[in-house]
Amino acid sequence: MPQPAAAVADGTQERAGGSAAGSEFAPLLRTVKDRGLLGRRHGWYARVIAGNALALAAVVAGLFLVGDSWWALLLAVPFAVLFARTAFIGHDAGHAQISGDKAVSRVIGLVHGNLLLGLSYSWWNAKHNRHHANPNHRDKDPDVAADVLVFTGEQAGVRQGFRRWLTRNQAWLFFPLTLLEGIALKVHGFQDLRRQPPRERLVEGALLVAHVVGYAALLLTVLSPGKALAFAAVHQALFGLHLGLSFAPNHKGMEMPDPDGDRWGHLRRQVLTSRNIRGGVLTDWFLGGLNYQIEHHLFPSMPRPHLRLAQPLVRAHCQDLGIPYAETGLVDSYRQALRHLYEVGEPLRVE
């Protein structure tokens, strides 16, 4: 099984930039360790996991109480929000934030990813590892590979046909496209089963099928087929939108390392490509801690509740070194991300 992302980019070793680059991160790492910010928060996560499970159960109970009524569609909203909370827990498990035991992390990830969401934990972890190792690197980060969206002028220049039209309008289409993200994640998970070794494929595949069967059985037991389809459409669309709202601000529009340029050390590679979102407790909850994207990328295994505590240390360290530390409001982060997508597609609009 792929190693947790924390093992790929924990910052405990520099892979590029030589001793000078290494010295930039080492003092910060020592400070963070001395403050105990890399220590696990088992009690905090136990409460989060239990609370999320109880909330999911409450929505399911609500469905049975409302019964075969169009009013049941209102429950698709909290169900989508709770699915996003579930995804955040799976994300933290993949980074070894919840437990240092790989087996425990995998079980938590499989339950919250495969079983509850229908999202392959193995597929996501392998993909996310590559992203953390080389964020925004056009040749190495799968999150900026040319697909439905493109992120560089070079990628845009070779688009043809329908994909060319998509690129011309990708800034306007970004959030509408996220409505399909919940379904797309499920499809990617099933497709990835071919890559996995037999034993892993059996476990992952069985849990993915269990999710689909359980989800369909729940809706069809309570609702008529038409209402069940409508509920699923609203639920999955809002789930995808929530994920899009959570992921969009993190890296889009930030620095993209030149594959032929100077190699950056861990500190610059993670800080220059990431953007933080200002806010309070509500922002932390809504974005699942991803609003501290810089701290998360520097210390992937750091428990979510410690990211806020690490932020002033990281910001001060970057200021001392003269390294830009990007932080903005939530709405402005979307504006910056969409502006980048708009500018990438602009040459295709002036042909």
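The values are calculated or read from the model by the stated rules, or taken from the named source; none is laboratory data. The shown structure was predicted, so the numbers you read here are calculated from the model rather than taken from an experiment. Using ideal geometry, Cβ is built from the backbone for each residue, glycine included, and neighbour counts are taken over all protein chains shown. We work out accessible area using only protein heavy atoms, side chains counted, and drop any ligands, DNA or RNA first. Shrake-Rupley method; radii C 1.70, N 1.55, O 1.52, S 1.80 Å.
Determine whether region 294-309 contains at least one residue that is among the aromatic types (F, W, Y) and without any contact (Cβ under 8 Å) to a residue 24 or more places away in the chain. Spell out how you get there, then give the answer.
To start, the set of residues in region 294-309 that are among the aromatic types (F, W, Y) comprises 299.
Subset that is without any contact (Cβ under 8 Å) to a residue 24 or more places away in the chain: none.
For region 294-309, residues among the aromatic types (F, W, Y) and without any contact (Cβ under 8 Å) to a residue 24 or more places away in the chain: absent.
Taking (1) open to solvent by less than 20 Å² (accessible area, probe 1.4 Å); (2) more than 22 Å from S333 (Cβ to Cβ); (3) modelled with pLDDT under 95 in turn, E204 satisfies each apart from (3).
Counting only helices (runs of 4 or more DSSP H) that fall entirely inside region 103-194 and contain at least 3 residues that are more than 25 Å from D258 (Cβ to Cβ) and touching a Ser or Thr at 6+ places or on another chain (Cβ under 8 Å), the qualifying elements are 181-192.
Yes or no, residue by residue, for (1) surrounded by fewer than 17 Cβ atoms within 10 Å (Cβ to Cβ); (2) of a type in the set (G, A, S); (3) under 21 Å from R85 (Cα atoms); (4) touching a residue at least 60 places away in the same chain (Cβ under 8 Å):
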{"position": "L173", "(1), (2), (3), (4)": "no, no, no, no"}
{"position": "L185", "(1), (2), (3), (4)": "no, no, yes, yes"}
{"position": "R194", "(1), (2), (3), (4)": "yes, no, no, no"}
{"position": "A228", "(1), (2), (3), (4)": "no, yes, no, no"}
{"position": "H235", "(1), (2), (3), (4)": "no, no, yes, yes"}
{"position": "L238", "(1), (2), (3), (4)": "no, no, yes, yes"}
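Within this structure, L309 passes the test of being open to solvent by 40 Å² or more (accessible area, probe 1.4 Å) and among the hydrophobic types (A, V, I, L, M, F, W, C). Among the residues making up region 316-336, those that are under 25 Å from the mean Cα position of the chain (by Cα) and among the polar types (S, T, N, Q) are T328, S333, Q336.
Please work out if G17 is at pLDDT below 95, of a type outside the set (A, V, I, L, M) and touching a Lys or Arg at 6+ places or on another chain (Cβ under 7 Å). For G17, the condition - at pLDDT below 95, of a type outside the set (A, V, I, L, M) and touching a Lys or Arg at 6+ places or on another chain (Cβ under 7 Å) - is met.
Given the criterion aliphatic (A, V, I, L, M), open to solvent by less than 60 Å² (accessible area, probe 1.4 Å) and over 30 Å from G322 (Cβ atoms), identify the matching residue among V66, V60. Show your work before the answer.
Working: V66 fails: open to solvent by less than 60 Å² (accessible area, probe 1.4 Å).
Exactly one residue qualifies, and that residue is V60.
Any chance you could count how many residues in region 90-102 are assigned to a helix (DSSP H, G or I), open to solvent by less than 60 Å² (accessible area, probe 1.4 Å) and over 21 Å from G214 (Cα atoms)? Please lay out each step first, then the result.
Kept after step one, since they are assigned to a helix (DSSP H, G or I), are these residues of region 90-102: 90-94, 102.
Remaining after also requiring open to solvent by less than 60 Å² (accessible area, probe 1.4 Å): 90-94.
Going one step further and asking which of them are over 21 Å from G214 (Cα atoms), we end up with 91-94.
Matching residues across region 90-102 total 4.
For every residue, the table says whether it meets (1) among the aliphatic types (A, V, I, L, M); (2) open to solvent by 20 Å² or more (accessible area, probe 1.4 Å).
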{"site": "K127", "(1), (2)": "no, yes"}
{"site": "A133", "(1), (2)": "yes, no"}
{"site": "L149", "(1), (2)": "yes, yes"}
{"site": "Q155", "(1), (2)": "no, yes"}
{"site": "R168", "(1), (2)": "no, yes"}
{"site": "P176", "(1), (2)": "no, yes"}
{"site": "P197", "(1), (2)": "no, yes"}
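Can you give me the number of residues within region 251-269 that are under 24 Å from E343 (Cβ atoms) and open to solvent by less than 10 Å² (accessible area, probe 1.4 Å)? Qualifying residue count for the region: 0. Given the condition under 28 Å from H188 (Cα atoms), aliphatic (A, V, I, L, M) and buried (at least 16 other Cβ atoms within 10 Å of the Cβ), answer yes or no: does some residue in region 26-47 qualify? Taking every residue of region 26-47 in turn, none turns out to be under 28 Å from H188 (Cα atoms), aliphatic (A, V, I, L, M) and buried (at least 16 other Cβ atoms within 10 Å of the Cβ).
Determine whether N291 is touching a Phe, Trp or Tyr at 6+ places or on another chain (Cβ under 7 Å) and either among the aromatic types (F, W, Y) or crowded, with 19+ Cβ neighbours inside 10 Å (or both).
So N291 does not fit the description; no.
Tell me, please, whether a residue that is without any contact (Cβ under 8 Å) to a residue 40 or more places away in the chain, of a type in the set (A, V, I, L, M, F, W, C) and on the phi < 0 side of the Ramachandran plot can be found in region 264-284. There is at least one residue in region 264-284 that is without any contact (Cβ under 8 Å) to a residue 40 or more places away in the chain, of a type in the set (A, V, I, L, M, F, W, C) and on the phi < 0 side of the Ramachandran plot. Contact map, region 318-343: first residue among the small types (G, A, S), second residue open to solvent by 60 Å² or more (accessible area, probe 1.4 Å) and in a loop (DSSP other than H, G, I, E, B), Cβ cut-off under 6 Å, separation 6 or more or different chains; pairs are G329/R278.
Given the condition under 25 Å from N125 (Cβ atoms), more than 15 Å from the chain's Cα centre (by Cα) and outside any helix (DSSP H, G or I), answer yes or no: does some residue in region 197-212 qualify? Full working, then the answer.
Narrowing region 197-212 to residues under 25 Å from N125 (Cβ atoms): 197-212.
Adding the requirement that they be more than 15 Å from the chain's Cα centre (by Cα) leaves 197-212.
If we keep only those that are outside any helix (DSSP H, G or I) too, we end up with 197.
Among the residues of region 197-212, at least one is under 25 Å from N125 (Cβ atoms), more than 15 Å from the chain's Cα centre (by Cα) and outside any helix (DSSP H, G or I), which makes the answer yes.
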